[in-house]
Amino acid sequence: MRITLRAASIALSASMLAVSCTSAAPGAPAIASPTAPKILTISQDTEPLTLDPHGDSTKFTTNITRQVFSTLVRLDEKLQLQPDLATSWRNVDPTTWEFKLRDGVTFHDGSKFSSDDVKFSFDRILDSANKLQVRTFVATIARAEVVDSLTVRLVTNGPDPVLLRRISFVGFIIPAKTFQTMGVDAFAAHPVGSGPFKFVEWVKNERIVYEANKGYWAGPPKIDRLIWKSITETSTRMAALKTGQVDIANHLPIQEVSGVNGDAKLRVSSTQSTVVNYFIFDTVHAPLDNVDVRRAINYAVDSASILKNLFGGQGSRVLLGSSAIFGIDPTIQPYFFDPVKAKELLTKAGYPSGLDVPLNTSTAGMTADDKSTVQAVVAQLANVGIRAQVSTSDFGTIITKWRARELRGMTLFSYGFSTPDLDALMGTHFDSKRAVDAYKNSALDDLIQQARTSFDNQQRLDLYKQVQTLIKDDAPWLFLYNLDNVFGVNKRVKGWDATPNEWIWVYPIDVG
Amino acid sequence: MVTRYLLGRLVHTLVVLLGVATIVFGLTRVAGDPTAFLIPAEASREERALLRQQLGLDRPFHEQYAEYLSQLIRGDLGISFRQRVPAASIVVQRMPATIELVAASTAVALAVGLFFGILSAVKRGSLWDILGNVIALAGQSMPPFWTGIVAILVFSVLLGWLPSSGRGSPEHLVLPAITLGAALAGIIVRLVRASVLDVIGQDYVRTAYGKGLSWRLTFVRHVLKNAAIPIVTVVGLQLSGLLGGAIITETVFNYPGIGLTALRAILERDYPVVQAYVLVTATGVVALNLLVDLSYLYLDPRVRFR
């Protein structure tokens with residue numbers, strides 16, 4: 001009897017081995033059996049700090065947590081707001097928003113979702129003692145109030161028309177009772193949300209594994225298992241895409257695009273990014289305190305040719321951001337390439353034989369290819385007599401100096417618009433009350449303040465039109481471009497394409 | 001006597017580690033303010049000041065140093081700025097992967113190095129010797145970054161024999177171990193060849209062989225054991241270098257070891273993790289040196305600890 005048992009187990013394991021070998025081959029179709037699980041693997045180039053949904057505000061991490069946790073309203077792939085945990089909303093008054101919540105939603109541990117969870121989540125975020133990174137993005141909220149079990153109010157410090165976009169980014173709802181029972185550390189190690197996917201495991205620096213939430217209020221997702229891999233090294237990430245180890249890879253570099261297009265199993269998916277690239281000027285100290293010098297720099301740089309030659313045309317010239325951002329007027333374009341005009345302005349400013357300008361850049365992190373961008377800009381500036389003195393440091397040093405207002409001359413920068421509203425950019429660079437930069441323009445301050453407190457969309461658009469005209473005229477930046485978001489995708493992935501803000505919503509994706 | 005020696009070494013070790021701890025503390029503080037990096041670009045000045053206060057970064061330097069030392073004595077390596085968990089747990093969690101990688105690389109390097117080194121010495125001047133030389137030169141000339149990427153392109157993308165990244169099965173270790181071990185293999189080939197040649201030329205070897213001992217026994221009992229001394233010294237030294245070189249290999253292969261974590265912590269100014277990494281690595285290096293010194297007791301009977 002023992003021999004028979006042994007023979008049987010050998011036969012069983014041999015057949016299982018055969019089955020796993022065939023299904024492990026990259027790109028092989030899943031065996032046509034209803035029980036074969038559908039697995040999707042996505043690779044981004046950064047590893048999350050934590051899976052606590054309030055602990056890390058970078059969009060790559062929120063991409064990961066967004067599948068497990070939901071928000072009151074969701075931003076879709078066209079950057080439009082959709083109901084999620086809230087079915088409807090209205091303004092009771094300019095500083096009070098009332099949300100009607102969805103009935104019948106349960107968290108992954110079975111507990112029922114109610115307004116208590118909403119209040120708990122926002123209380124937690126807003127409490128500075130918790131030191132949560134996401135607090136910055138919703139700091140305009142004063143408090144959350146429970147009206148009844150399916151109605152909740154958010155009260156803001158002043159009128160905030162951008163509130164819904166803010167909470168769609170980081171306003172994740174966590175289960176109050178479960179969180180309190182588990183405690184912060186246990187919850188971060190094993191997050192429990194109400195999203196379309198449930199957490200299974202996190203092997204740090206290796207993979208994060210989710211499985212489908214069959215009880216999701218909109219129906220279970222089509223994918224059974226979702227795996228996230230963070231692969232920082234670009235060539236390694238590309239290799240993983242080509243061998244079928246990952247299905248979607250972000251930040252596909254320009255050199256790889258033709259290779260991916262030529263591969264029968266893969267396709268390139270790209271769209272205009274919300275990330276804008278530019279140089280900030282030190283407008284306080286000479287020589288960039290002179291507006292003619294700043295305009296001359298803008299006329300001297302041919303950003304169209306940089307886009308065409310360095311980035312294969314995968315980008316668009318913009319003033320402050322792409323038209324997907326609320327407030328952007330795409331008819332207000334950056335300066336056109338005119339080196340003759342640049343030289344005239346320099347002479348007018350008192351520099352007929354050119355001048356030296358410090359130029360700061362980081363080794364990596366601002367654009368898809370910082371080094372080549374800087375080289376191109378330096379060469380174009382030299383053509384009109386502007387000699388750029390380049391100094392390179394690591395990303396952290398640039399940011400530190402920026403915050404300390406120690407940056408001189410021009411510095412390569414980028415901004416991501418995690419909140420897709422022009423006010424976010426104003427707060428970072430242009431509003432003298434909030435901004436890190438020392439740039440001050442009182443006419444601009446008034447316009448910005450009016451725009452951020454008005455609920456009239458048309459009025460906001462008109463105000464921002466004036467803002468953009470003023471900014472273009474005063475040229476506190478060298479305006480450059482948006483680069484495209486380029487993803488490498490395996491053709492077995494259906495129902496997904498690159499989004500302008502690099503958000504990934506896995507729910508509608510299917511494979512096979 | 002050995003016990004007295006060991007006690008002396010222990011005191012010596014503690015002094016060294018204190019020095020390392022102080023240096024890494026000073027250097028990280030000089031590198032810049034980590035809060036600029038810990039909060040999003042949209043955060044206000046007040047939020048940043050609050051964070052500095054919460055992390056204890058606004059206190060005077062000597063106060064921070066005193067607290068750092070008192071924590072160290074209690075075995076507390078601090079809490080990571082970025083991840084809000086103890087820095088020691090981050091390092092300990094990642095360590096096994098790097099140890100695996102370093103061990104595998106050393107095994108590869110020793111296997112290749114010993115084989116070709118001994119062969120080159122014994123068959124001096126022949127084609128084997130030339131081959132050994134080529135391997136030594138190639139191993140030392142190819143930078144691990146290049147070797148790794150080429151290996152991935154050839155063996156993973158083109159041939160599909162091995163995985164391109166990650167950790168899990170033994171197959172995942174093959175390419176990274178070869179990449180990291182290549183340079184050390186080159187060094188060992190040269191060293192083994194020189195050391196073996198030197199010992200073979202010694203009088204006592206000729207005497208033993210002349211007295212009738214078989215060449216094989218002479219080789220194993222006398223030549224190898226004595227040739228091992230400088231090899232053990234150099235390999236011990238190089239292993240410390242391997243820990244550092246692991247950062248590059250881990251980055252290329254996305255191997256989840258401590259090197260990758262340390263690199264990110266340095267770029268993100270996560271002081272506690274950087275400090276923990278340096279201290280743990282320093283302790284490892286010191287322990288390794290002690291093992292090497294103790295091995296002389298076995299290898300060289302002339303060595304006595306006074």
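Residues of the range A:235-258 that are open to solvent by 40 Å² or more (accessible area, probe 1.4 Å) and more than 10 Å from chain B (Cβ to nearest Cβ): A:H251, A:I254, A:Q255, A:E256, A:S258. Exactly one residue out of B:L162, B:L110, B:L101 is without any contact (Cβ under 8 Å) to a residue 60 or more places away in the chain and either more than 10 Å from chain A (Cβ to nearest Cβ) or of a type outside the set (F, W, Y) (or both), and it is B:L162. Across the range A:278-321, the qualifying residues are those that are hydroxyl-bearing (S, T, Y) and surrounded by fewer than 24 Cβ atoms within 10 Å (Cβ to Cβ), and the one among them that is nearest to A:A382 (Cα to Cα) is A:Y299.
Among the residues of the range A:232-281, which ones are assigned to a helix (DSSP H, G or I), touching a strand residue (DSSP E or B) at 6+ places or on another chain (Cβ under 8 Å) and within 20 Å of A:T41 (Cβ to Cβ)? Passing the criteria: A:R237, A:M238, A:A240, A:L241, A:K242, A:E256, A:V260. All conditions but one from (1) touching a strand residue (DSSP E or B) at 6+ places or on another chain (Cβ under 7 Å); (2) modelled with pLDDT under 95; (3) under 30 Å from B:T35 (Cα atoms) apply to A:L478; the one that does not is (2). Number of residues in the range A:355-365 that are loosely packed, with under 15 Cβ neighbours inside 10 Å and either at pLDDT 95 or above or not hydrophobic (A, V, I, L, M, F, W, C) (or both): the value is 2. The test for being of a type outside the set (V, I, T) and surrounded by 12 or more Cβ atoms within 10 Å (Cβ to Cβ) holds for B:R52. Within the set A:W89, A:W97, the sole residue that is aromatic (F, W, Y), open to solvent by less than 60 Å² (accessible area, probe 1.4 Å) and in a strand (DSSP E or B) turns out to be A:W97.
For the range A:400-413, the criterion of being open to solvent by 20 Å² or more (accessible area, probe 1.4 Å), hydroxyl-bearing (S, T, Y) and farther than 22 Å from B:E46 by Cα is met by no residue. Only one entry of A:A349, A:A342, A:A379 meets the criterion of being open to solvent by 40 Å² or more (accessible area, probe 1.4 Å) and of a type in the set (G, A, S), and that entry is A:A379. Of the residues contained in the range B:57-71, one or more are found to be more than 14 Å from every other protein chain (Cβ to nearest Cβ) and buried (at least 18 other Cβ atoms within 10 Å of the Cβ). For B:F81, the conditions (1) buried (at least 21 other Cβ atoms within 10 Å of the Cβ); (2) out of contact with any Asp or Glu (no Cβ under 7 Å at 6 or more places or on another chain) all hold with the exception of (2).
Residues in the range A:434-446 that are more than 10 Å from chain B (Cβ to nearest Cβ) and closer than 15 Å to B:E47 by Cβ: there are none.
Consider the range A:396-433 and keep the residues that are among the polar types (S, T, N, Q) and within 9 Å of chain B (Cβ to nearest Cβ). The one that is farthest from A:T136 (Cα to Cα) is A:T397.
Looking at the range A:101-220, the strands (runs of 3 or more DSSP E) lying wholly inside it that each contain 3 or more residues that are surrounded by fewer than 16 Cβ atoms within 10 Å (Cβ to Cβ) and either more than 14 Å from chain B (Cβ to nearest Cβ) or more than 22 Å from the chain's Cα centre (by Cα) (or both) sit at A:141-148, A:197-203.
Answer yes if at least one residue in the range B:25-43 is surrounded by fewer than 13 Cβ atoms within 10 Å (Cβ to Cβ) and more than 14 Å from every other protein chain (Cβ to nearest Cβ), and no otherwise. Yes, the conditions are met somewhere in the range B:25-43.
When A:L241, A:L252, A:L266 are checked against the criterion of being hydrophobic (A, V, I, L, M, F, W, C), modelled with pLDDT under 90 and either under 20 Å from B:L153 (Cα atoms) or touching a Lys or Arg at 6+ places or on another chain (Cβ under 8 Å) (or both), a single residue qualifies: A:L252. The condition (being touching a helix residue (DSSP H, G or I) at 6+ places or on another chain (Cβ under 7 Å) and within 14 Å of another protein chain (Cβ to nearest Cβ)) is satisfied by just one residue among A:S362, A:S393, A:S372: A:S362.
Going through (1) in a helix (DSSP H, G or I); (2) at pLDDT below 90; (3) away from chain A (no Cβ under 14 Å) one by one, B:A177 falls short only on (2). Given the criterion touching an Asp or Glu at 6+ places or on another chain (Cβ under 6 Å) and either within 30 Å of A:P220 (Cα to Cα) or open to solvent by 20 Å² or more (accessible area, probe 1.4 Å) (or both), identify the matching residue among A:V493, A:V506, A:V489, A:V511. From the options A:V493, A:V506, A:V489, A:V511, the qualifying one is A:V493. Annotation: A:T61 fulfils all but one of (1) free of Cβ contacts under 8 Å to residues at least 40 places away in the same chain; (2) surrounded by fewer than 21 Cβ atoms within 10 Å (Cβ to Cβ); (3) within 14 Å of another protein chain (Cβ to nearest Cβ); the unmet one is (2).
The values are calculated or read from the model by the stated rules, or taken from the named source; none is laboratory data. As the structure is a computational prediction, the values presented were derived from the model and not from experiment. All Cβ positions, glycine included, derive from the backbone under ideal geometry; neighbour counts span all protein chains shown. To get the accessible areas, we keep the full protein, side chains included, count just its heavy atoms, and leave off ligands, DNA and RNA. Shrake-Rupley method; radii C 1.70, N 1.55, O 1.52, S 1.80 Å.
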